[in-house]
1. How far apart, in nanometres, would the label points at Arg172 and Leu244 be if each is projected 7 angstrom from Cα along the Cα-to-Cβ direction?
2. Show Ser399, Ser315 ordered by accessible area, largest first, where the area counts protein heavy atoms only and the probe is 1.4 Å.
3. Can you work out the PRE-style zone for Asp71? Point 7 Å along Cα to Cβ, and I want the residues of the range 110-127 with backbone N under 18 Å.
4. Let me spell out the model: positive unit charges on the Cβ of Lys and Arg, negative unit charges on the Cβ of Asp and Glu, origin at the Cα centre of the range 31-87. What dipole size does that give, in debye rounded to 20?
5. Please compute, over every Cα-Cα pair in the range 182-240, the percentage with a separation greater than 14 angstrom.
6. Considering only protein heavy atoms, with the full assembly of protein chains and a 1.4 angstrom probe, order Arg226, Arg170, Arg125 by accessible area, largest first.
7. Debye sum, Cα scatterers, the range 26-144, no solvent: what log₁₀ I/I(0) at q = 0.14 1/Å?
8. Separation between the Thr378 and Arg330 pseudo-spin-labels, each 7 Å from Cα along Cα→Cβ, expressed in nm?
Amino acid sequence: MALLPGHAEPPGREPGVGGRGGGAARARHVIINVGGCRVRLAWAALARCPLARLERLRACRGHDELLRVCDDYDVSRDEFFFDRSPCAFRAIVALLRAGKLRLLRGPCALAFRDELAYWGIDEARLERCCLRRLRRREEEAAEARAGPGAHEAQESPARALGPGRLERGRRRLRDVVDNPHSGLAGKLFACVSVAFVAVTAVGLCLSTMPDIRAEEERGECSAKCRNLFVLETVCVAWFSFEFLLRSLQAESKCAFLRTPLNIIDILALLPFYVSLLVGLAAGPAGSKLLERAGLVLRLLRALRVLYVMRLARHSLGLRSLGLTVRRCAREFGLLLLFLCVAMALFAPLVHLAERELGARRDFSSVPASYWWAVISMTTVGYGDMVPRSLPGQVVALSSILSGILLMAFPVTSIFHTFSRSYSELKEQQQRAASPEPALQDDSTREDSTRSGSASAEDCSQGPEGGDSVGSTRGAAGP
């Protein structure tokens, strides 16, 4: 068994590192070697070290216990080796020296969190700005895991060893349907899909023309109405075919149906099939049934505007907008809170100023003044309700200035989130278009990080030279 510092030597052996006599002088400090970054620590200071793993190192009594804490050790030099990230450990050393733990810009925030868990450091020791950055990165990672392609990234071992013919076909289908940059087939599929969305939008606009609406109310069907129905049928058939292809290439059907864009597809396709089934069930003598279901069918047909949301599959800007809305739910709630508080303040004031002190009767009640407060604070100003008295104009000026200021506060955070979301999605799109260069860039970045960490100065030159953390602070306690 190797002799550990601070323990009594076994009988029959000469005084060693942790023995009595002359070895006690050398046992006052130990070296922690993490990937080439060497730090000298006072052996007594390990008992009060904020790194729980190093604190456990002092309590080890044997070879097996020691190897459960570190990866290797050298008794002759009192050096313990840990096969962990030296870049992250240099940031952790700052906790021992200055009592402050900061998240560096270079390493991944999630990898740094794993390093903290390995060394037994509570995340609450991070500075507030760094902790916010870590929490934001965790939220982004959770969104990526819950995304539409998250289940596809978790491949089974059998599939990873050698995909079969079915899996290869599913991957090709996935590239054609979801990745327009995969090749000519993907680009053609995306162009056809966008064209059908545009045709559907034009058909929806034409179906609201007064002459066609009059024919529908009279129960007639002219050639124009019949052509619009054929056009809608063709578009719905294509959208149904596209939805079927997407469901076939999905590995988890439940996760596929929970995706927001797929839910929108179902809601957009549902009105056509419901109207068709109701018409077939009613038959030629079911006019009363159609009259009763007329309002419901018209409401369902209004859901056809959701076809426009299908453009988000092929538009990077629309996907960035949706991602920003998900990430900025708190900011949007804060914006709504500011608006409601200011509206509850200025609506009674303008009602009092105009109703009691002015001659105008537009502000008949406080609820009616709420509408004026909303359009004034958002600087829309329809002009349907205008304060005429001097006190009312002062209240109007205050509400407009307050609206500009209150709405500007959350908008700044929303803008930065949109910019970050757009950059992330653009990088993902570039990696999907050219996976091999992306992998090379990642490997090059890792090599540069490793070389930079290896070429950095050691925290200590050896067990005898250089300043030690324990000696500079006297103790490595928190």
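The values are calculated or read from the model by the stated rules, or taken from the named source; none is laboratory data. What you are looking at is a predicted structure, and each value in this text was computed from that prediction instead of being measured. Neighbour counts run over all protein chains shown; Cβ positions are idealised from the backbone, glycine included. Accessible surface is based on the protein model in full, side chains and every heavy atom, while ligands, DNA and RNA are left aside. Shrake-Rupley method; radii C 1.70, N 1.55, O 1.52, S 1.80 Å.
1. 1.9 nm
2. In descending accessible area the options line up as Ser315, Ser399.
3. Inside the label zone: 111-120.
4. Roughly 280 debye, rounded to the nearest 20.
5. Roughly 62 percent, rounded to a whole number.
6. Arg226, Arg125, Arg170
7. -0.61
8. Result for the modelled spin labels: 2.5 nm.
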